[in-house]
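Take a look at the structure below.
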Amino acid sequence: MADPVFQPLPTVPDHAALEEEILAWWEAQGTFGLLRERNRGGPRFSFFDGPVTANKTLGVHHAWGRTLKDVFQRYQALRGFDQRYQNGFDCQGLWIEVGVERGLGLNSKREIEEYGLEAFARKCRELVVASAAEITRASKRLGQWMDWGNDYFTFSDTNIEYVWRMLKKVHANDWLYLGHRSTEWCPRCGTSISQHELVGSYVDRADPSLFVRLPLRERKGESLVIWTTTPWTLPANVAAAVNPDAEYGLRANGEWVAVARYPDDKFTQRVRGSEMVGWTYEGPFDELVGAEHRVIPWDEVSLDEGTGIVHIAPGAGTEDFELAQEYGLEVLTPVDEAGRFYDEYGWLHGLSTTEAAEQIIGALEEKGRLVEAGLHEHRYPECWRCHTPLIFRIADDWFISVRDLRQQMLDANTTVEWTPEYMGKRMDDWLHNMGDWNISRRRYYGLPLPFYPCACGHLNVIGSKAELEERALGGLEQLEELRRPWIDRVPVRCEQCGEPVERVKEVGDVWLDAGIVPFSTLGWENQEWIPEGYATGAARELTKADLPDHAYWEKWFPADWVSEMREQIRLWFYSQLFMSVVLTGGAPFRRVLGYEKMLDENGREMHGSWGNTITAEDAFTRMGADVMRWQYCAQPPDRNLLFGYGPAEQIKKELLTVWNSVSFFVSYANIESFRPSWASLEPQGELKPLDRWLIERTHAFVADARDAFERYRADDVIRLYEAYVDDLSNWYIRRSRRRFWDGEEAALQTLWYALVQTLRVLSPVMPFLTEHLWRNLVPDGPESVHLAPWPEVEAPDRALLDEIADARRVVTLAHQARSAAGLKLRQPLRRLVVEGASGARAHADEIADEVRVKEVVFDTVDAELRVKPNLPALGPRLGKELRTVQQALQAGEFEELGDGRFRAAGYELEPGEVLVERGGREGWAVAAAEGVTVALDTTLDDELVLEGRGFDLIRLVNSMRKEQGLELTDRIVLTVPDAESELVERHGDWIKGEVLAVEIRVDGSSAVAIAKAEARE
Ligand SMILES: [Zn+2]
Ligand SMILES: [Zn+2]
């Protein structure tokens, strides 16, 4: 026998081994390069990669996003689109700094400065270099095709210069200002934190809950009672706020509180809040700081918690600070950058805010000011980087005003198509509510803000490195990178008064770095294309990325598509949109795919300390990249992904269906030495109706999958595939087994076509497995499935497909009825009656064969109908009316409307809103769903029983053939006991045909036996 055309497949794929082999083969063949070359100059598909922070190895949650990016880029490549494939790394900011601090055992800004800023900067770069290499390696292993080696790094001088340029424009528009306000502050990191960085940083915490008495100066023996959960702010108290419209009362013990908070109390006196305004009181710690204390009105005072009188410390709260502006209150700032009390706070000096809490509670108690102390559970923000609870501090920070930008950004967002849609609304909500952008951080390894405020009052803003060099008064020779500490040693001349000025010490919010990417990587306003022009500053020798020219930017901006997880709405999507609106007035992307969170398979957050995190490395080894990718793709983007090995095992099982289908094809194709031809892919000639159906079904699958890819819904692609492969395997192959045995060319041709098209459609999702099977199945086509273009197919014949879908529905219901009646599938029956599913009429013979009945009749089914409400579906729609409908259904007072719809108590009920049961009459088994009812005649006679034994015997012999390792083509001699003589007499020829027996012997033996027959001549 000649070498087989197709390699036989093992029983199950070894995903990890197969993937390593394909990776090596791609590398050797230069497959990705060939693909890019083929699409070069074609229509463009522009994608911007949101930079991954280069401070760690690749996690399975990163692999989710990377998979989606790869899937849709691969799909667009199949369709012939030219693409950039530029990967990005985020390289500055707290992410990097905190990691390096931990590595070096540093725990404060003072320690960093002692360590030395040059050395610290180099350590930060080292972390980025190591992490970028690791992320690149793991991303390749995932199968992600990017232009590795030409990545962008946000710490390059080029990227920094682009942000400078944007800031200069912001300043020219008069949107830049130095704000003096109360802001969220991380005492460990020693910096303010901006509004968008608070996303997802609220945690459940128990904090002290204090009720404190503040004696009124003009009303002897009377006090206000306030409530606070931040004891450390009490020394900064200057006011107590009341709701001017609320009623306040004096309790018998001399305490003033809101009446609504103490409904059971008897009050000796009652006043409106507005009448209390102006009362003065003794502060909680007047011995530490002298300040005036008085009652002020505030509409926002809540009567839902506390006492209805709110403690105001303008130096330690945003709203407090705003009230101070309004009422001219003194602003006391009790703690320094590290969150420790200043020396003038006496016995509190040097204590942290948490250390101080205990001392403060003790002191209040001693002074008889403490009414009550306990614990209070609430959501409280912590630093997103180091998890230290945030405090409020007054700080001078640089802000970009959003006053003129808000509406422009909202308008720009209307041009963006969001998937899922609600994420676009979240963006709108954010844009409506966003405050001015706090862009400054008091840190080290970040974009140096190019601000040089002069004593003459002029703010110098440098817009490029060239401008810096031109205006520098020295220090250029040591300027290794546009970065601290080097840049701090370059003073410039004030453009107003000519005096030397120094840069502010602050660095920029890291989202500036990432938001500028649509400009900095595409060469916006760059005159001349600069080879390797992105490899500047810290990025030198890390990338070969060019800095393109403006014409290139015009071609690739805006992005056709970007994709990141939901939290990026307020982060990268926002910062990109912000900067794009500043520079161009429009949005930087046309379409966004967002997705929700990843949890473990039991729905818990993944945490190192809980032992439920999965590293990408483990997942590659234990699941394989294709199975990971499948898990990511199958996830609807509007729900959290429960990722784990359990779901992976399910997916592996599911993938066996296509694997087994290919294996089945290979077996029979090899027997027939079938040689397919890529040139005539679509089957022609003598086709059976079933073949025509599979071809149409394949057309529909390709068309529907394309539509799903176009909508960026990989989960729909997977669902379509699942339905398709079920039709392929459980209808086409099952119904065609005999033809494969007979080596029918049309069947082999049709199955081959279907499998080849399936691989092409699935190749973006599972690049390895599809490639592996492709190389086996398509000997004379494109060498890689990724180089075969997306299949072009004719519009499918949907009418024919509906007919078979109806027939399959009938078969499924008949199987249900049979199993409910306890009759095994091998037992033939007389009759099946079908009501509904009119499309199935033309396929009565196939149904009879599948269901193993002698006759299929289309008629009304005489059965008792029971209809119940499907509560989860119907409850929300009907509300209270549900009971009425339920009672009507129960009493049988309903009308059947056809197609599974009913009317009861005046309501029309859809098929999904009701549960339908049909009870058969004696001797019949009934099943119904979606408007189709079937009834199976369950009466057995001798004839049927004998035939059933025939099916039993065939099954037994075929399993014996397998156990004995016989080839599919081997003929056998079958021996059966005497008891089966009637069966052999009546059905011998049928049985011989089914088990490839040349002879059946009935020779008195006690068991069934088989022996391989001599080969035929
Ligand atoms: Zn921090
Ligand atoms: Zn000046």
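Bear in mind that the values in this text are calculations on the coordinates, not laboratory data. These numbers come from a predicted model, not from an experiment. So basically every Cβ, Gly included, is an ideal-geometry build from the backbone, and we count neighbours across all protein chains shown.
Within the shell defined by Cβ-Cβ distances under 9 Å, the residues around G88 carry a net charge of -3, with Lys and Arg each +1 and Asp and Glu each -1.
Of the GluC sites (Glu not before Pro) found in the stretch 746-809, the ones in coil according to DSSP and having at most 11 other Cβ atoms within 10 Å of their Cβ are E792, E794. Put in order of Cβ neighbour count within 10 Å, fewest first, the listed residues R921, R739 become R921, R739.
To the nearest 10 degrees, how steep is helix 981-995 against the longest Cα principal axis of the chain, on a 0 to 90 scale? Between helix and principal axis, roughly 50 degrees.
In the chain, if every C-alpha pair distance is counted and binned at 20 Å from zero, what percent goes to each bin? Once binned at 20 Å, the Cα pair distances of the chain give 11, 30, 29, 20, 9, 1, 0. For the stretch 620-671, the normalised intensity computed at q = 0.18, 0.26 Å⁻¹ comes to -0.65, -0.97 (log10 of I(q)/I(0), Debye sum over alpha carbons, equal scatterers, no solvent). Listed by chain and number, the lysines whose alpha-carbon sits under 18 Å from that of K505, ignoring those within fewer than 8 places in the same chain, are K109, K168, K465. In the stretch 238-284, Rg over Rh equals 0.96, where Rg is the alpha-carbon radius of gyration and Rh the Kirkwood radius from pairwise Cα distances.
What distance in nm separates the two pseudo spin-label positions at K880 and N640, each 7 Å out from Cα along the beta-carbon direction? Result: 3.6 nm between the two label points.
Indicate the gyration tensor shape class of the stretch 31-185 (rounded, prolate or oblate), computed on the Cα atoms with a ≥ b ≥ c the square roots of the eigenvalues: a/c under 1.5 is rounded; otherwise a/b larger than b/c is prolate and the rest oblate. Verdict is oblate for the stretch 31-185. The distance separating the Cα centre of the stretch 228-273 from that of the stretch 889-929 comes to 63 Å.
Counting only lysines at least 8 places from K868 when in the same chain, those with an alpha carbon closer than 20 Å to its own are K880. As a proxy for reagent exposure, S609, S302 were ordered by neighbouring Cβ count within 10 angstrom, fewest first; the result is S609, S302.
Note that the stretch 336-485 carries a Kirkwood radius of 21.2 Å, evaluated over its alpha carbons pair by pair. Loop-located trypsin sites (Lys or Arg not before Pro) across the stretch 224-284 with a Cβ neighbour count of 15 or fewer within 10 Å are K266, with loop assigned by DSSP. Charge tally for V861 (other residues, Cβ to Cβ under 9 Å; Lys, Arg +1; Asp, Glu -1): -2.
Computed per residue of the chain from DSSP H runs no shorter than four, each worth -39500 (n - 2.57), the mean residue ellipticity at 222 nm is -12000 deg cm²/dmol.
Just so you know, the Rg over Rh for the stretch 889-1000 is 1.29, from Cα atoms, with Rh as the Kirkwood radius. Its Cα centre serving as origin, the stretch 244-302 has a Cβ charge dipole (Lys and Arg +1, Asp and Glu -1) of approximately 260 debye. With K and R counted +1 and D and E -1, the other residues having a Cβ less than 11 Å from that of G875 yield a net charge of +1.
Bridging of K220 to aspartates and glutamates at a Cα separation below 14 Å is possible for E255, E282, once same-chain residues fewer than 8 apart are set aside. Using alpha-carbon positions, what is the distance between the centroids of the stretch 736-769 and the stretch 281-295, in Å? Centre-to-centre distance over Cα atoms comes out at 84 Å. Here the translational diffusion coefficient of the stretch 119-226 follows from Stokes-Einstein with Rh set to the Kirkwood radius across Cα pairs; for 25 °C and 0.890 mPa s it amounts to 119 µm²/s. Return the percentage of antiparallel bridges among DSSP beta bridges fully within the chain, rounded to the nearest 5 %. Here the share of antiparallel DSSP bridges comes out near 70 percent.
Per-residue extension of 0.36 nm, minus the Cα-Cα distance of E365 and Q684, leaves a gain of 105.4 nm for this segment. Reported value for the stretch 514-672: 222 Å³ per residue, from the convex hull of its C-alpha atoms.
Taken as Cα centroids, the stretch 945-992 and the stretch 330-400 sit 86 Å apart, rounded to the nearest whole angstrom.
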